[in-house]
Amino acid sequence: MNKAIFLDRDGVLNKDTGYPHKIEDFILSDGVVSGLKKLKDFKFFIISNQSGIGRGYYTEEDFHNFNNHLLDILNKNNIKIERTYFCPHHPNEVCDCRKPNTKFIKEATKEFNIDLTNSWVIGDHPHDVEMGINAGCKAIYLLTGHGKKHFDELKKENIKPNFTAENFMQAAEFIIHNKTNN
């Protein structure tokens, strides 16, 4: 079975400038390339809530153009994202794909034979951590992006990440030092 890292995108892989969707506004987050290279034994997936689509701020085509730009940068650094999953719905819409729902983790698990107990979620929102816990993964809460803004919600909602990291590299180092050798 494969081990995976399920990555939130905005605020984790790229700077969250407020509904990022324009390539000219793209900024890669510090430590992402070197951190992902350290985690080379894992398969990588992006799972992202993209409510900006449902709110009418940008289109699915805008999302794909921005996301493809990120994937191109990672590919040039020999980092492969197996698949990007995204929820385009407005938060008020009822759907089964919006985090903390585990629909996309389940899909990846089936298609890529993922061992969830040895897999991780990295995100900057309580719903990222909650999704990981709900799916049976370990979870890291990043203080980048919206992480500091929503940190108090973790305690308020009794959501307990395995680790809280200041940045992506610290998250990668924690995973390397706490992974099992299965």
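Scan region 6-15 and tell me whether some residue there is open to solvent by 50 Å² or more (accessible area, probe 1.4 Å), at pLDDT 95 or above and assigned to a loop (DSSP other than H, G, I, E, B). Yes, region 6-15 has at least one match. Selection of region 32-69 for residues being farther than 26 Å from Phe112 by Cα and of a type outside the set (Asp, Glu) yields Ser51, Gly52, Ile53, Gly54, Arg55, Gly56, Tyr57, Tyr58, Thr59.
Residues being more than 16 Å from the chain's Cα centre (by Cα), closer than 16 Å to His89 by Cβ and either assigned to a helix (DSSP H, G or I) or aliphatic (A, V, I, L, M) (or both): count how many of those fall in region 49-61.
4
Limited to region 134-168, what total is found for residues that are in a helix (DSSP H, G or I) and either open to solvent by 50 Å² or more (accessible area, probe 1.4 Å) or of a type in the set (Ser, Thr, Tyr) (or both)? Show your work before the answer.
Taking region 134-168 as the starting set, the residues that turn out to be in a helix (DSSP H, G or I) are 134-135, 147-156, 168.
Now narrow it down to the ones that are either open to solvent by 50 Å² or more (accessible area, probe 1.4 Å) or of a type in the set (Ser, Thr, Tyr) (or both): 134, 148-149, 151-153, 155-156.
Residues meeting the conditions: 8.
Number of residues in region 28-62 that are basic (Lys, Arg) and buried (at least 19 other Cβ atoms within 10 Å of the Cβ): the value is 1. The selection criterion, being assigned to a loop (DSSP other than H, G, I, E, B), open to solvent by less than 70 Å² (accessible area, probe 1.4 Å), touching a residue at least 24 places away in the same chain (Cβ under 8 Å) and under 28 Å from Asp30 (Cβ atoms), holds for Lys99.
Put simply, of Asn65, Asn78, Asn118 the only residue that is under 21 Å from Ile176 (Cα atoms), open to solvent by 70 Å² or more (accessible area, probe 1.4 Å) and touching a residue at least 40 places away in the same chain (Cβ under 8 Å) is Asn78.
The values are calculated or read from the model by the stated rules, or taken from the named source; none is laboratory data. Predicted model only: the values in this text are computed from it and were never measured. Cβ sites come from the backbone with ideal geometry, for glycine too, and all protein chains shown count toward neighbours. Remember, those area values only see protein heavy atoms, side chains included, never the ligands or the DNA or RNA. Shrake-Rupley method; radii C 1.70, N 1.55, O 1.52, S 1.80 Å.
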